[in-house]
Amino acid sequence: MGSCMFFVGTYRDNEVNADHAVFHLINKLEISNVPTTKVSLTGLDQEDLNTMISDSLCLYPRICTSLSTAVIQKTKGNPFFVLEFIKSLKSRDLLKYNFHQKRWTWDEDIIRAEEITDNVLHLLASKMNGLSDNVQLLLKVMACFGTRTSESVIGYLMDSVEYFGLRDGLERAINDGFVEKSREGTVNFVHDKVREAAYDLIPDSERKQFHYNLGKVLHSICDGNDVGDTILVIATQINHGRDFILKDDELCLPIVKLNMSAGKMSIDSCRHKTAYAYLEVASSLLPNDHWESHYDISLRLGFMMASAANSSCKYNDAEMILRRILKEARCTKDKLPSYFLLSQILQAQGKVVDAYSTCSSILTQLGETIPETVEPVEAVATIRETLRKYDEVYGDDWLGKKMEDYTLRYVVRFYAQMNTSAFFFKVPHIISYFVCKAVELSLNNGVCQHTPLSLLQLANVVIRSGSNASFAHRIAKNAMTLSERFDSTDQMAELNLTFYNAVGHLECFQLGAQRLRVCFESALSSGNANIGFFCAVQSFNFSIFSGEKELGSLLKEIDYYLHLLETYKSEVSKKYTLCSRATISLLIDKGEETSIETKEYQGDISDPGNKFLDTYYCQQVFRNFWLGYDERCRHFAQKAFARIRGTYLYHIITFYYGLNLIDILKKKVNATRQKEVEEIIESMKVTVTLADSNIRNKLELLQAEMHGLGTHHQEAVALFKAAIASAKKSRFIHEQGLACERAGFYHKKMGCAQDALVYFQQAHSCYKEWGSIVKVDAIQKELDRFSSIGTMILYKNERCCDK
């Protein structure tokens, strides 16, 4: 039984900007193919307004035309303004009930002659000026907090001498219709324009003082108590009076601590820009010699500011703050968090060499030996010894042993970060060496919250060496289980990214893509945008290679991420994202309507440490295979094999390269090529035992094609059917279509026209669902050929391949 949900959301377009969360939500819904309807509610037009006034006054519409004309000129049809304007007319006796005529009457000439402003705010302000002092006080206080105010905040103020009159003012304001209580425990203005009018009751020259006094009273009442997020309200109000605070030396330090608390609370709730604003105020209130007079506060505040700046994409500000901390900090231990964050910021900006050097420098200061080069033989021996020790040590005793040394935990952390940076420009055996050193620290000294990442990097090393994939998978699984023992929520995105990078081909591709999208959101919320976007990049790869999403939807998703990257400025992620976009665009329509003007930058193709080439070559193999460019597909596959071993990219390339070789064999028998295909099939037989859902359909299709080259017709037919069924089971819609297409060509070659036609029709349906116009058109041409020659003639000569 199906279930449906109807969701309605509203917002005022004058209260949100282009970066507001509501627009991100709408974009995500559209990307996910969730039907959405946008309705823009403008003001009432004159006909509707005339109908409303006619109904309200119980008069014929033609009689009310003159009044509605005057009203719409003053209010532009805004329903709230209309109501306030008509109330104003009634209060001035410009609209009144005539008992003699038994109807409402007005004189439009008098209304036009009256000094009535076009601005309804003026009407509201005039009305408010006639209210009692307590009601005005309530309205002014609430206006300082925004359109809604927590009842608890009003309650705190009611307990003070200065704002005792709020109790009476609240009751009267509710009765007069200016504010209303909500079920969420807030008191709200009935309209944002009421709030504007209330705020105008405070003269411009007195507003800073009014806000400051509010904050000061709240601070005196709440100081020392756990008041939750009310602390944000207090800090916001009191910060309006920064000039007043600076005149009182005794007040500065308490307000610094107040803003630090507000900043921490904002960071914890992922409001990083807000946090930075609070912390910036705190910093401005410290004395010039604060590093000498208030060292601990300066150290903590500086790091919080740098973290908030980094999470708000203020990378230059963050780097400047961190370098000041590194200059002023009194010992290496105090510098460690700042060095680490600096390396992350450099990494996010694409300065991977600088990030690596930062980690290398601090590790050297901590007593680690960081060689410039490592011999491949030494790296292999180190890997072998680390794996032996891991197999020997892993168990409950080791898992229960905690790494107590604070500095040592940071050493493990810096190694992991250095390895992440090294991935983009160092040769693999150097990375392997450092990964093993990090893991050995945990094996010798116990586990910490950074051990899981080091273990995942070790699994990646094992996979890339082309050795025991099963052992690598076990290490990766154990690492993820270990991470659950620690509060690693801030690391989960990076852990999942490394996990899927290492053993993604041994897990369900579709689930991996979905998990990585969730990690993108969590990383972005926690302020680690760089890792978040790499999660997105990985999810694109999984989606493309598994056919997880319709290509048009995936293109929309990528364009959304590219839009976000304009803000987050992660050039490395952007390069990978544009590469994926180019592939999708070509698969849809060869880029005729969907491409954008950009250049795919490969970097130095002779550099063995240029890891972008791994993805670039794989994407080239994939796109060129599907577009039918056999020579180019083979060219990039051979380039990729010189660089890539073991990873999910390797298995994707191997499959399409194998099909490419078979297409060569169909044209001309070549013993060398045939042996290559047989080796690929034997390799996939091993991998399928570890990754059935990702590999089985590929293995069966290669086997079907190989049998089809010989005389094993029944085996070929059976394996084509198996490949189609396996692809369908794994939800690889594109490879289901591919198996159908190749089965169609095989049956056509064998003269089984009816079966060929059915398979081509199935392929057409699959490619249409995938969203590839290129493939749909190609199959349509095959279907058209059947129509042109007449299938009935072919049926007469048909041989049944199933017999």
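Observations
- Of residues in the stretch 573-613 being in a helix (DSSP H, G or I) and basic (Lys, Arg), the one modelled with the highest pLDDT: Arg581
- Glu372 satisfies every condition listed in (1) open to solvent by 80 Å² or more (accessible area, probe 1.4 Å); (2) outside any helix (DSSP H, G or I); (3) of a type in the set (Asp, Glu); (4) touching a residue at least 40 places away in the same chain (Cβ under 8 Å) except (4).
- Total residues in the stretch 706-732, condition under 30 Å from the mean Cα position of the chain (by Cα) and buried (at least 23 other Cβ atoms within 10 Å of the Cβ): 2
- Only one entry of Asp397, Asp317 meets the criterion of being over 25 Å from Ala422 (Cβ atoms), acidic (Asp, Glu) and within 31 Å of the chain's Cα centre (by Cα), and that entry is Asp317.
- Annotation: of all residues in the stretch 235-252 being in contact with a His (Cβ under 9 Å, 6 or more places away or on another chain) and closer than 19 Å to Ile297 by Cβ, the one that is most open to solvent (accessible area, probe 1.4 Å) is Asn239.
- Taken together, the criteria place Ala763 among residues that are more than 23 Å from Thr711 (Cβ to Cβ), open to solvent by less than 10 Å² (accessible area, probe 1.4 Å), of a type in the set (A, V, I, L, M) and in a helix (DSSP H, G or I).
- Flag if Glu440 is free of Cβ contacts under 8 Å to residues at least 60 places away in the same chain, of a type in the set (D, E, K, R), open to solvent by 20 Å² or more (accessible area, probe 1.4 Å) and not in a helix (DSSP H, G or I): no
- Only one of Arg696, Arg623, Arg673, Arg632 that is open to solvent by less than 20 Å² (accessible area, probe 1.4 Å) and assigned to a helix (DSSP H, G or I): Arg623
- Residue among Val435, Val393, Val412 that alone is in contact with a His (Cβ under 6 Å, 6 or more places away or on another chain) and within 22 Å of Ser488 (Cβ to Cβ): Val412
- Enumeration of residues in the stretch 546-572 that are polar (S, T, N, Q), at pLDDT 90 or above and open to solvent by 40 Å² or more (accessible area, probe 1.4 Å): none
- Residue among Phe486, Phe534, Phe540 that alone is of a type outside the set (Ser, Thr, Tyr) and part of a loop (DSSP other than H, G, I, E, B): Phe486
- Scanning the stretch 238-246 for residues that are charged (D, E, K, R) and either assigned to a helix (DSSP H, G or I) or at pLDDT 90 or above (or both) turns up at least one hit.
- Any hit, the stretch 443-450, residues being touching a His at 6+ places or on another chain (Cβ under 6 Å), closer than 21 Å to Asn528 by Cβ and open to solvent by 40 Å² or more (accessible area, probe 1.4 Å): no
- Boolean, Asn225 is outside any helix (DSSP H, G or I), open to solvent by 30 Å² or more (accessible area, probe 1.4 Å), on the phi < 0 side of the Ramachandran plot and at pLDDT below 95: yes
- The stretch 575-588, subset in contact (Cβ under 8 Å) with a residue 40 or more places away in the chain and open to solvent by 20 Å² or more (accessible area, probe 1.4 Å), residue nearest to Leu346 (Cα to Cα): Ala582
- Hey, Gly512 under 17 Å from the mean Cα position of the chain (by Cα) and either open to solvent by 40 Å² or more (accessible area, probe 1.4 Å) or not hydrophobic (A, V, I, L, M, F, W, C) (or both) or not: yes
- Qualifying helices (runs of 4 or more DSSP H) (wholly inside the stretch 95-195; at least 1 residues being surrounded by 14 or more Cβ atoms within 10 Å (Cβ to Cβ) and of a type outside the set (Val, Ile, Thr)): 120-129, 133-145, 151-158, 166-175
- Here Glu206 meets the list (1) in contact (Cβ under 8 Å) with a residue 24 or more places away in the chain; (2) in a helix (DSSP H, G or I) almost entirely, failing just condition (1).
The values are calculated or read from the model by the stated rules, or taken from the named source; none is laboratory data. As the structure is a computational prediction, the values presented were derived from the model and not from experiment. We place every Cβ from the backbone using ideal geometry, glycine too, and count neighbours over all the protein chains shown. Ligands, DNA and RNA are excluded from the accessible area calculation, which covers all protein heavy atoms including side chains. Shrake-Rupley method; radii C 1.70, N 1.55, O 1.52, S 1.80 Å.
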